[in-house]
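Single-structure report; data block below.
The values are calculated or read from the model by the stated rules, or taken from the named source; none is laboratory data. It should be emphasised that the depicted structure is a prediction, and the values quoted were computed from it without experimental measurement. Every residue, glycine among them, receives a Cβ derived from its backbone with ideal geometry; neighbour counts consider all protein chains shown. Only protein heavy atoms, including side chains, enter the accessible area calculation; ligands, DNA and RNA are left aside. Shrake-Rupley method; radii C 1.70, N 1.55, O 1.52, S 1.80 Å.
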Amino acid sequence: MSLIPKRGTVYVVDDDEAVRDSVQWLLEGKDYRVRCFESAEAFLSRYDPREVACLIVDIRMGGMTGLELQDKLIERRSPLPVVFVTGHGDVPMAVGTMKKGAMDFIQKPFKESELLGLVERMLDHAKSTFADHQSAASRDALLAKLTSREGQVLERIVAGRLNKQIADDLGISIKTVEAHRANIMEKLNANTVADLLKIALGQAAVKA
């Protein structure tokens, strides 16, 4: 068995110290990197969205609940895969979390093999979604460099409008359109129109 931690970090958020300790012991024994928190608030203050990770969280906790934490992550457009730990009476609630994007839920007391299987699946999922999330963030950063007018020109380039048509649309000269196009290409690090379209359409797909 490799001594190097596997593909990412497993966050464990539970207000029961015994549960945190047992899950940490189990996962670290399988070479996972584990970070435990006793509250959702503590987790949110330390969570690093730049790393490949997954989250195991109790539904019912003092302070912010697991459900409220999920809502906070959705607001932040976090790609973090989530699995909920539930009691028997929480199953209908847990089903609702899956409709909001949670990958699964696991009932107490849970089997070690079940939890390990979920963690493996979540980190596989995290690895692919993290790459997509980073690409989207890079596109956001590039497009944020454009002025409002350049954004208008780009929208029309993507729509297949010719320079003369763009000039007519915006009430500017063709030379001004050409200057905007050159600026857009430079700011987006695009060498060809095809490159430009990939960046612009990728951004549109994220927002859709």
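Out of the residues in region 61-93 that are surrounded by fewer than 16 Cβ atoms within 10 Å (Cβ to Cβ) and in contact with a strand residue (DSSP E or B) (Cβ under 9 Å, 6 or more places away or on another chain), which is nearest to His125 (Cα to Cα)? Filtering region 61-93 for residues that are surrounded by fewer than 16 Cβ atoms within 10 Å (Cβ to Cβ) and in contact with a strand residue (DSSP E or B) (Cβ under 9 Å, 6 or more places away or on another chain), the one nearest to His125 (Cα to Cα) comes out as Val91. The set of residues in region 94-106 being outside any loop (DSSP other than H, G, I, E, B) and either open to solvent by 40 Å² or more (accessible area, probe 1.4 Å) or closer than 20 Å to Gly117 by Cα (or both) consists of Ala94, Val95, Thr97, Met98, Lys99, Asp104, Phe105, Ile106. Here the helices (runs of 4 or more DSSP H) wholly within region 109-208 that include at least 2 residues being modelled with pLDDT of 90 or more are 112-143, 148-158, 163-170, 174-187.
Among the residues in region 159-170, are any crowded, with 17+ Cβ neighbours inside 10 Å and touching a residue at least 24 places away in the same chain (Cβ under 8 Å)? Scanning region 159-170, I find no residue that is crowded, with 17+ Cβ neighbours inside 10 Å and touching a residue at least 24 places away in the same chain (Cβ under 8 Å), so the answer is no.
Every residue, every condition in (1) touching a helix residue (DSSP H, G or I) at 6+ places or on another chain (Cβ under 6 Å); (2) under 30 Å from Met103 (Cα atoms); (3) open to solvent by 40 Å² or more (accessible area, probe 1.4 Å), yes or no:
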position: Leu115; (1), (2), (3): no, yes, no
position: Leu118; (1), (2), (3): no, yes, no
position: Ser128; (1), (2), (3): no, yes, yes
position: Glu155; (1), (2), (3): no, no, yes
position: Val177; (1), (2), (3): yes, no, no
position: Arg181; (1), (2), (3): no, no, yes
position: Met185; (1), (2), (3): no, no, yes
position: Leu201; (1), (2), (3): no, yes, yes
